[in-house]
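Engineer: Below is the structure I would like to discuss, written out as structure tokens.
The values are calculated or read from the model by the stated rules, or taken from the named source; none is laboratory data. None of the values given here were measured: they were computed from a predicted structure. Ideal geometry is used to build each Cβ from the backbone, glycine not excepted, and the neighbour counts take in all protein chains shown. We work out accessible area using only protein heavy atoms, side chains counted, and drop any ligands, DNA or RNA first. Shrake-Rupley method; radii C 1.70, N 1.55, O 1.52, S 1.80 Å.
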Amino acid sequence: MSHLLETKDLKASVEDKEILNGVNLVVDPGEVHVIMGPNGAGKSTLGACIIGDPRYVKTGGTILFKGEDITDAPTDEIAKKGLFLSFQNPVEVPGITLGNFIRTAIEQKTGERIRLWDFRKQLEATMELLSMDPSYADRDLNVGFSGGEKKKAEILQLLMLKPELAILDETDSGLDVDAVHVVSKGVEEYKKQVDGALIIITHSTRILEALNVDRTHVLVDGCIVNDGDATLVDEINDQGFERFINCEDCKNEDCAVKKKT
């Protein structure tokens with residue numbers, strides 16, 4: 001049986017600057033993976049490359065999803081296969097409402113029309129779960145939304161689309177305690193409803209409190225220098241990333257950081 005997601009020696013650059021230096025990652029169905037690392041380590045780049053962001057040039061390696069090579073697939077095709085990425089800084093999209101955006105995305109993913117009444121009923125129930133004002137469904141996507149509402153809108157899309165694998169890129173950044181609680185509740189609900197796999201890119205660990213973490217990966221200078229179970233998150237919280245940056249405990253013999261020292 002193939003893994004849900006597998007990156008093999010993935011390398012990528014932007015504007016001729018190499019960001020990823022050979023990332024190897026394996027995610028199986030239903031697993032929760034956490035990716036942590038210092039600023040500029042390449043965490044967001046990894047998520048963007050997996051989803052097919054054209055701003056990043058893949059210079060080596062492969063990305064497999066359910067055994068299929070999606071390395072060079074366009075973003076819309078990758079999303080239809082069951083992959084989802086929540087953005088660290090969601091963009092505003094004037095001219096299309098949040099509700100219409102989600103309905104169109106569901107229809108594109110399933111290839112079937114969804115009755116408006118059924119869609120609105122499900123949407124309103126999900127918005128209530130996230131403590132979202134239902135009027136936001138009829139507002140242009142993210143336009144005039146607060147930072148917290150933008151992040152809730154991302155989780156709303158997650159719950160409505162029900163992907164097999166969701167990559168959450170700093171979803172809890174810049175949120176107050178109450179907003180983090182709501183977002184965490186939404187992520188927990190996703191696991192209950194779908195039992196989908198998660199890759200959570202984060203500096204904070206508040207969003208992880210209601211989840212069972214299977215694997216933790218430390219990304220430094222574009223490569224995974226260490227990985228472990230959930231206890232590694234606690235270790236990083238206590239000690240920071242210094243020992244990984246200095247390669248005192250690096251498990252990756254091909255690590256780009258190690259080659260510099």
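Engineer: Do you know which of the residues in the stretch 100-144 that are out of contact with any helix residue (DSSP H, G or I) (no Cβ under 8 Å at 6 or more places or on another chain) and hydroxyl-bearing (Ser, Thr, Tyr) is nearest to Glu164 (Cα to Cα)?
Structural biologist: Here the answer is Thr110.
Engineer: If you scan the stretch 86-104, which residues turn out to be of a type in the set (A, V, I, L, M, F, W, C), crowded, with 17+ Cβ neighbours inside 10 Å and modelled with pLDDT under 95?
Structural biologist: Result: Phe87, single match.
Engineer: Within the stretch 69-122, which residues are aromatic (Phe, Trp, Tyr) and either touching a residue at least 40 places away in the same chain (Cβ under 8 Å) or not in a helix (DSSP H, G or I) (or both)?
Structural biologist: Phe84, Phe87, Phe101
Engineer: Of the residues that make up the stretch 201-222, is at least one among the β-branched types (Val, Ile, Thr), modelled with pLDDT under 90, within 19 Å of Ser86 (Cα to Cα) and outside any loop (DSSP other than H, G, I, E, B)?
Structural biologist: Yes; the residues of the stretch 201-222 include at least one that is among the β-branched types (Val, Ile, Thr), modelled with pLDDT under 90, within 19 Å of Ser86 (Cα to Cα) and outside any loop (DSSP other than H, G, I, E, B).
Engineer: Sticking with this one: I'm trying to understand the selection: among the residues of the stretch 123-139, which are part of a helix (DSSP H, G or I), open to solvent by 70 Å² or more (accessible area, probe 1.4 Å) and not charged (D, E, K, R)?
Structural biologist: Matches in the stretch 123-139: Pro134 only.
Engineer: Any residue that is touching a strand residue (DSSP E or B) at 6+ places or on another chain (Cβ under 7 Å), open to solvent by less than 10 Å² (accessible area, probe 1.4 Å) and assigned to a loop (DSSP other than H, G, I, E, B) - is there at least one of those in the stretch 9-32?
Structural biologist: No; the residues of the stretch 9-32 include none that is touching a strand residue (DSSP E or B) at 6+ places or on another chain (Cβ under 7 Å), open to solvent by less than 10 Å² (accessible area, probe 1.4 Å) and assigned to a loop (DSSP other than H, G, I, E, B).
Engineer: On to the next question. Please go through the stretch 228-261 and give me each residue that is modelled with pLDDT of 85 or more, open to solvent by 40 Å² or more (accessible area, probe 1.4 Å) and among the β-branched types (Val, Ile, Thr), ordered by number.
Structural biologist: Result: Thr231, single match.
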